């Protein structure tokens, strides 16, 4: 091989940003939330988090009282997923997984672990990420009313932070940056002007509250602005410029305010010239974009789907999730699935009646809640399987279903994950491993196993000691790369 030509090839490979460790994409810092709760600005106050937690715990105690039956209530498998046999067509004969329970026998230990994990999560952190909604969940109102709600929301955010009643991440969804006129008595001429006015009011009021109280907790540690109905890089650029100006005005550090994009129309994916738009949308945020959220119902409506058939698992949403993954998997913002619109709401107030009528209505309530829980848990489970670890919750009664699906997703395959990772670590960087099962794992699958375990630890549903059972150390858990872990073992 000619040395000069080989040097040229190596230089060209080294200069290609697509082949480098830093490819120019923005990778969010910190831990991705498991969900985002959306609440209309007119419904938000500083007691929202404890109120939602109390309502969720009441529904959990009332309709999932017995741990042994809790998995069936949510439509979750009553035994651990067999991670050593991902192909369900593999024969059972000669199966070496003797430590796995009989698939026909319910695993009461798993049910109890999931039940305990949900109970603990509802008490510790019922809401992880909150958006105060000034868009679809709020509607068009006159300027005075929205101004008042913006100021009230900021004051409530500050009070909740100072009192320790605010989620770790909070923000607001403003109105779309669209040049549309309104006729609701507004003095502004566009949705864009109204949305930016609300954003300015919330952030400047928060700054005033922080100065007046002289308490660090008044400012949220993470503040995110969600931009709906994004179809143009210009919309994103304008929001980024507005946030830069607001950081200067309020004394925040540069880049402190983050952006999420709502992907909820066919125009978000391909521009008028037929070019793929998603990567350019996130890049237009100038380093601020940390999330991309799927808007279920606007998307299906823009797809031409009839109203009775609009739901989170429609093929239009499947296609959108696939395109979002193609644009951003491993290289861009956190991806968040949309909402389940069938809510687990009790049709009857059983506390208002006595006797036989109360018993009959309690049964109807249980059926309604369980049916909605099962649907929501299925949506959460499928999203997790597709690599969307975050989704929307719209009602406090949805929280048990989300947390049950999350706990099951991480706890059910845990024994197999531990065994397979331990086998790969024992094999070292030299090759593959079977982990004592029927499937041979290579480095890519090993990385996926490590990612699953680390994500389970981050969510709080997998205890730290379970990672040690896989042969990992504290130093390993701080290392996201399995090849780096294996290389350290070989040194």
query: Do you know which residues across the stretch 255-296 are surrounded by fewer than 18 Cβ atoms within 10 Å (Cβ to Cβ) and within 16 Å of the chain's Cα centre (by Cα)?
result: none
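Here's the yes/no breakdown for (1) over 23 Å from the mean Cα position of the chain (by Cα); (2) assigned to a helix (DSSP H, G or I); (3) closer than 25 Å to residue 31 by Cα:
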| site | (1), (2), (3) |
| --- | --- |
| 319 | no, yes, no |
| 332 | no, no, yes |
| 340 | no, no, yes |
| 343 | no, no, no |
| 346 | yes, no, no |
query: Give me the pairs: first residue in the stretch 345-365 and in the same structural domain as residue 73 (by TED's automatic domain parsing) and within 20 Å of residue 397 (Cα to Cα), second residue loosely packed, with under 12 Cβ neighbours inside 10 Å and modelled with pLDDT of 85 or more, beta-carbon distance under 8 Å, and six or more apart or on different chains, which are they?
result: 361/347; 364/347; 365/347
- line: Of the residues in the stretch 375-414 that are free of Cβ contacts under 8 Å to residues at least 40 places away in the same chain and farther than 30 Å from residue 472 by Cβ, the one that is surrounded by the fewest Cβ atoms within 10 Å (Cβ to Cβ) is 375
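The rows are residues; the columns are (1) touching a helix residue (DSSP H, G or I) at 6+ places or on another chain (Cβ under 8 Å); (2) outside any helix (DSSP H, G or I); (3) farther than 24 Å from residue 37 by Cα.
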{"site": "248", "(1), (2), (3)": "no, no, yes"}
{"site": "253", "(1), (2), (3)": "yes, yes, yes"}
{"site": "258", "(1), (2), (3)": "no, yes, no"}
{"site": "282", "(1), (2), (3)": "yes, no, no"}
{"site": "290", "(1), (2), (3)": "no, yes, no"}
{"site": "293", "(1), (2), (3)": "no, yes, no"}
{"site": "311", "(1), (2), (3)": "yes, yes, no"}
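The values are calculated or read from the model by the stated rules, or taken from the named source; none is laboratory data. Computed from a prediction, not measured in an experiment: that's the story for all the values here. Every residue, glycine among them, receives a Cβ derived from its backbone with ideal geometry; neighbour counts consider all protein chains shown.
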